[in-house]
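Data first, discussion second: the structure below is written as structure tokens.
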Amino acid sequence: MQALTSVCIFCGSRPGRDPAYLDAARTVGALLGSSGVDLVYGGGSVGLMGAVADAALTAGGRVIGVIPQVLVDMEQGHPGLTELHVVGSMHERKRMMADLASAFVALPGGLGTFEELCEILTWAVLGIHRKPCAVLDVGGYYQPLLALLDHAVAQGFLGESQRAFLTATDDPRDLLPALRRQTAARYATRVAADNA
């Protein structure tokens with residue numbers, strides 16, 4: 001079973017309208033930093049991205065950013081990270097973040113966050129990775145997406161076992177335990193299948 005040593009956070013480069021989004025990002029960053037779990041993220045210094053990184057650093061954690069050169073040129077890179085990898089494209093960015101992470105969590109965000117989450121879930125469905133995935137459903141932010149996934153299951157476009165690849169919680173303190181439970185459940189399922 002793979003240990004939970006690093007979590008990739010997908011989240012907005014804006015703070016959002018509800019102050020609860022920034023509060024949640026800071027709480028998640030602090031929890032990762034104080035738990036000794038590395039934060040892997042998109043390397044930005046603004047919005048929820050900057051908040052989660054700053055909180056993890058303040059709590060003594062390691063923060064690894066991966067950012068494409070085009071965003072560095074726009075002066076959005078975080079200058080104080082433990083590691084900052086500058087890559088050539090968004091595709092390289094997502095691949096490196098996936099390789100560095102042992103789990104994935106989406107906080108509130110926009111199109112980029114949705115796209116990153118959907119791609120990593122697709123990779124899970126295809127068996128490209130077996131890492132746990134979750135959303136932090138701050139103030140019900142992800143309820144429409146979760147309902148859409150349930151609708152896809154009801155309409156036969158997504159299997160129930162595939163739908164279960166995404167865990168949702170509204171409590172930042174439950175994120176790490178939820179990811180560890182998902183890792184343990186996948187490991188038990190794999191062992192059962194190998195022994196069948």
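Quick check, is ARG26 within 20 Å of ASP99 (Cα to Cα) and of a type in the set (D, E, K, R)?
no
Filter the range 76-93 down to residues that are touching a helix residue (DSSP H, G or I) at 6+ places or on another chain (Cβ under 6 Å) and surrounded by 18 or more Cβ atoms within 10 Å (Cβ to Cβ) and give me whichever is modelled with the highest pLDDT.
Step by step, filter the range 76-93, then rank; the result is VAL87.
In contact (Cβ under 8 Å) with a residue 60 or more places away in the chain and surrounded by fewer than 23 Cβ atoms within 10 Å (Cβ to Cβ): is that true of LEU100 in this structure?
yes
Could you tell me which numbered condition ARG130 fails, if it satisfies all but one of (1) surrounded by fewer than 19 Cβ atoms within 10 Å (Cβ to Cβ); (2) modelled with pLDDT of 95 or more?
(2)
One residue is enough: does the range 144-160 have a residue meeting the conditions among the small types (Gly, Ala, Ser) and closer than 23 Å to HIS85 by Cα?
No: the range 144-160 contains no residue that is among the small types (Gly, Ala, Ser) and closer than 23 Å to HIS85 by Cα.
One residue is enough: does the range 5-16 have a residue meeting the conditions polar (S, T, N, Q), surrounded by fewer than 21 Cβ atoms within 10 Å (Cβ to Cβ) and within 21 Å of LEU111 (Cα to Cα)?
The answer is yes; a qualifying residue exists.
Filter the range 103-127 down to the residues that are in contact with a Pro (Cβ under 8 Å, 6 or more places away or on another chain) and surrounded by fewer than 16 Cβ atoms within 10 Å (Cβ to Cβ) and list them by number.
Within the range 103-127, no residue meets the criteria.
Cβ-Cβ below 8 Å, separation at least six or inter-chain, first residue in the range 70-86 and under 13 Å from GLY42 (Cα atoms), second β-branched (Val, Ile, Thr) and not in a strand (DSSP E or B): which pairs?
GLN76/VAL46; VAL86/VAL72
Determine if the range 32-39 includes at least one residue that is in contact with a helix residue (DSSP H, G or I) (Cβ under 7 Å, 6 or more places away or on another chain), crowded, with 21+ Cβ neighbours inside 10 Å, within 19 Å of GLU119 (Cβ to Cβ) and free of Cβ contacts under 8 Å to residues at least 60 places away in the same chain.
Within the range 32-39, none of the residues are in contact with a helix residue (DSSP H, G or I) (Cβ under 7 Å, 6 or more places away or on another chain), crowded, with 21+ Cβ neighbours inside 10 Å, within 19 Å of GLU119 (Cβ to Cβ) and free of Cβ contacts under 8 Å to residues at least 60 places away in the same chain.
The values are calculated or read from the model by the stated rules, or taken from the named source; none is laboratory data. None of the values given here were measured: they were computed from a predicted structure. Cβ: placed from backbone, ideal geometry, glycine included. Neighbour counts: every protein chain shown.
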